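> To start, I am sharing the structure in question, which I have written as structure tokens.
The values are calculated or read from the model by the stated rules, or taken from the named source; none is laboratory data. The structure presented is a predicted model; accordingly, all values stated were derived computationally and were not measured. Using ideal geometry, Cβ is built from the backbone for each residue, glycine included, and neighbour counts are taken over all protein chains shown. With ligands, DNA and RNA removed, areas are computed over all heavy atoms of the protein, side chains included. Shrake-Rupley method; radii C 1.70, N 1.55, O 1.52, S 1.80 Å.
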Amino acid sequence: MGSESSERYVSPTVVESVKILVVGAFGVGKTTLIGSVSEIAPLRTEETMTAASVGVDSLAGLHGKRTTTVAMDFGRITVSPEIVLYLFGTPGQKRFWNLWEGLADGAVGALVLVDTRRIEDSFEVFDQLELHTSVPFAVAVNQFPDSPTYDPEKLREALDLLPETPIVYCDARDQQSSVQTLVRLVEYALTVRKNSEVA
């Protein structure tokens, strides 16, 4: 019981807390990624999909998906003795995108999850991110078992990304893979912040 209790509290060695958005299209693995890395029981606002979503939420390529996030996911992970990340996962469906702007307030960066089986679903996500936030972002390609593999530069071109935007490959179910992805985002976001302060 003592170790469970201690996990609820941030270590006294932590000197910097970093807010991160986890965004992406419907069904790309945002809830899964946050759940795989969170050192506390993640907050989930998943609801069972109903007949009302038929014709609204495409389940193409999402065999077995029965729930969807309707507000946000939340988790926490300590990535070093000094730094803790607070993860805020956004809903993927367009009708919930009005939440993004408020969730982005104070965020250092955003991790954009992409599913290469449904790459076209990501285009509007990038538009939303760039129009309604000013946070730097990295792209994480969530590798599903049947995902096609693309060369990073071809993916960068297809998604119209700047040359400096990090592209990483991950398995959202795997803790180590997801942590490495988040660390890469934080490194990039802190570099962008430092460069803007110098300028």
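> Restricting to the stretch 177-199, give me the number of residues that are closer than 18 Å to residue 133 by Cα and touching a residue at least 40 places away in the same chain (Cβ under 8 Å).
7
> Ok, one more. Residue 69 - would you say it is at negative phi, modelled with pLDDT under 70 and under 15 Å from the mean Cα position of the chain (by Cα)?
Working: at negative phi: yes; modelled with pLDDT under 70: yes; under 15 Å from the mean Cα position of the chain (by Cα): yes.
Yes.
> It is to be established whether one or more residues within the stretch 136-145 are touching a Phe, Trp or Tyr at 6+ places or on another chain (Cβ under 7 Å), open to solvent by 20 Å² or more (accessible area, probe 1.4 Å), of a type outside the set (A, V, I, L, M) and over 21 Å from residue 39 (Cβ atoms). Walk me through it before giving the result.
Step one: filter the stretch 136-145 for residues touching a Phe, Trp or Tyr at 6+ places or on another chain (Cβ under 7 Å), giving 136, 138, 141, 143.
Keeping just the survivors that are open to solvent by 20 Å² or more (accessible area, probe 1.4 Å) gives 136, 143.
Adding the requirement that they be of a type outside the set (A, V, I, L, M) leaves 136, 143.
Checking which are over 21 Å from residue 39 (Cβ atoms) leaves us with 136, 143.
Yes, the stretch 136-145 contains a residue that is touching a Phe, Trp or Tyr at 6+ places or on another chain (Cβ under 7 Å), open to solvent by 20 Å² or more (accessible area, probe 1.4 Å), of a type outside the set (A, V, I, L, M) and over 21 Å from residue 39 (Cβ atoms).
> Taking the condition surrounded by fewer than 16 Cβ atoms within 10 Å (Cβ to Cβ), more than 12 Å from residue 23 (Cβ to Cβ), modelled with pLDDT of 90 or more and touching a helix residue (DSSP H, G or I) at 6+ places or on another chain (Cβ under 7 Å), does residue 172 pass? Spell out how you get there, then give the answer.
On the way: surrounded by fewer than 16 Cβ atoms within 10 Å (Cβ to Cβ): no; more than 12 Å from residue 23 (Cβ to Cβ): yes; modelled with pLDDT of 90 or more: yes; touching a helix residue (DSSP H, G or I) at 6+ places or on another chain (Cβ under 7 Å): yes.
No.
> What's the number of the only condition in (1) assigned to a helix (DSSP H, G or I); (2) among the polar types (S, T, N, Q); (3) under 22 Å from residue 175 (Cβ atoms) that residue 98 fails to meet?
Failed condition: (3).
> Moving on. Could you please find all residues in the stretch 145-163 being within 17 Å of residue 129 (Cα to Cα) and either assigned to a loop (DSSP other than H, G, I, E, B) or among the aromatic types (Phe, Trp, Tyr) (or both)?
Listed by number, the residues that qualify are 160, 161, 162.
> Check whether at least one residue in the stretch 106-128 is at pLDDT 90 or above, closer than 24 Å to residue 36 by Cβ, open to solvent by 70 Å² or more (accessible area, probe 1.4 Å) and not β-branched (Val, Ile, Thr), and report yes or no.
Checking the stretch 106-128: not a single residue is at pLDDT 90 or above, closer than 24 Å to residue 36 by Cβ, open to solvent by 70 Å² or more (accessible area, probe 1.4 Å) and not β-branched (Val, Ile, Thr).
> Okay, moving on. Give the residues of the stretch 25-57 that are in a loop (DSSP other than H, G, I, E, B), at pLDDT below 55 and of a type in the set (Ser, Thr, Tyr), sorted by residue number.
50
> Quickly run through the stretch 102-119 and pick out the residues that are closer than 16 Å to residue 160 by Cα and touching a Ser or Thr at 6+ places or on another chain (Cβ under 6 Å).
Matches in the stretch 102-119: 114, 116.
> Further question on the same structure: Give me the pairs: first residue in the stretch 154-173 and within 14 Å of residue 142 (Cβ to Cβ), second residue open to solvent by 80 Å² or more (accessible area, probe 1.4 Å) and at pLDDT 95 or above, beta-carbon distance under 6 Å, and six or more apart or on different chains, which are they?
Close Cβ pairs satisfying both conditions: 168/184.
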